[in-house]
Amino acid sequence: MKISIDYLLRGTASTIAADGVTQALRLVTNVALARLLNPELFGIMLIVNSLRTGIELISDVGIGQNIIYHKNGNEPNFYNTAWTLQVIRGIAIWLLALAATVPISKFYQSPIIVYIVPFTAFNMVLVGFTSISPFLLRKRLQITKLNAFEVVASCISSAVFVLLAYLHPNIWSLVFGGLFATVITMAGSYFLLPDVKPRFHLSKRFAWEILHFGKWIYLSTMVYFLATNFDRLYLAKVIPLELLGVYGIARAISDLAGMAVMRLGNYVVFPFIATHAQMTRSELCEQLAPPRVRLLGIAALCFAFSIASIDLVIKLLYDQRYHAASWMLPVLLVGSWFAVLANLNEATLLGLGKPLYSAVGNGVKFAFLLIGLPLSVRSYGVLGGIFIVILAEFSRYIPLFVGQRREQFSFGRQDALVTLGGFAMLGLLEWLRWMFGFGTSFESLPIAGHQFGHN
């Protein structure tokens, strides 16, 4: 039990530290690129990357999750079968993206997409040939080594993005910057575990087991894409590209915390639970509860301070073209808090071998967006759409909470108490800010936001 607690603490600390560095790099890179490039370029890339991600996710059969969860994940026959399926999938995704290029370009009335998609989609071929060593490191609970690798790769990739944008301030700096980042990750992955040398091999038995386990992963990731990208794809059709680019930047910043917790869940919580299946659920809950509540408490404080000050930070770091993000971000960050809770609970259920609840949660969120977003944007513009995004994040949390209750692995009381504490702290900070003459972070909300609703 001591080893388990030590792993949780070390893994959590290492992942938080590494993610702090990578998220800081992304923010700095984001600011630098925003100064070098026009907002409409980010709007175009938002469409392209969302669609590429969609094609990637709707073909996901949980290859990495299989390696981590399966008892034979460390055997060459298993991980070589998984790697071979990964390569086949990567090539298939690229061909599918090529076929979809012209229809996508016509739908969004953006001819340049025809030329961009083949390059951005080629990332998936590179991802397919990436070593499965990162998954094996997570299975073997060697998180520190993996985190160090990803920090180095992020540093190199960020530098290349900024350099390309400085030398060629156009859309192609973003396209080729993304390709270079994937090449760095692919090449470096083969040095992580020298004893692991992927080769083409297909075991009928293991391939069937991977696909069988991955059926719920497939369903979950398909609805996950729809749930997390529908707002971007819908707004891309009804608002100007410049405003879409600003919204994309605001969403990217607001998603940082959710992505950090998702990474923590995937790297620490999920592998920990999956590799301790022999323990009773009450024992696992007992081990997870103390570090979990500390993590959420720190996260709640960070959220409160971020929401209360992010509008000032945006106006300081970004030029006038991007200042609309200063009213978008405080609202989006409220929704991100519920994403943090949902991501943590999702990793817990996945560790128990219950991916069905993830699919249900994302399905509920997507249904909420599908119905609420067009109605809200039509009546109240982008601001109305952002409020729907918040409610959709909360709606996703509910099925995951129900799932944890059914599996007798619930942390609902923790979530409720920390949430109330976080919003109480936010209220105090907003009051102090107002008392010192700085207004509140929500006072610049465009109440007549419906003016942004259409081109």
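Can you pull the percent of Cα pairs in the chain with separation above 34 Å?
Numbers: 32914 of 103285 pairs.
Tail fraction, whole percent: 32.
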Radius of gyration, Dmax [region 152-245; alpha carbons; angstrom]: 19.4, 52
At R0 = 30 Å, FRET efficiency that the Cβ-Cβ distance of residue 438 and residue 375 yields, to 0.05: 0.30
Highest to lowest packing among 123-135, 24-36, scored as the average C-beta count within 10 Å: 123-135, 24-36
Simple label model, 7 Å out from Cα along Cβ direction - residue 208 to residue 447, nm: 6.5
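If the viscosity is 1.306 mPa s and the temperature 10 °C, what translational diffusion coefficient in µm²/s does Stokes-Einstein give for region 304-363 when Rh comes from Kirkwood over Cα pairs?
Working: Rh = 13.5 Å.
Answer from the Stokes-Einstein relation: 117 µm²/s.
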Pairwise centroid distance, computed over Cα atoms, of region 310-342 with region 367-446, Å: 13
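Using Cα pairs under 8 angstrom and six or more residues apart, how large is the relative contact order of the chain, in percent?
Details: 646 pairs, mean separation 96.0, N = 455.
Across the chain, relative contact order equals 21 percent.
Which entries in 71/204; 139/365; 106/237; 237/315; 71/145; 145/354 show an alpha-carbon gap greater than 20 Å?
Numbers: 71/204 17 Å; 139/365 30 Å; 106/237 11 Å; 237/315 27 Å; 71/145 22 Å; 145/354 28 Å.
With Cα atoms farther than 20 Å apart: 139/365; 237/315; 71/145; 145/354.
The numbers here are math on the coordinates, done by the rules we state, and not lab data. Please read all numbers here as calculations on a predicted model, not as lab measurements. Here Cβ is always computed from backbone atoms with ideal geometry, including for glycine, and neighbour counts include all displayed protein chains.
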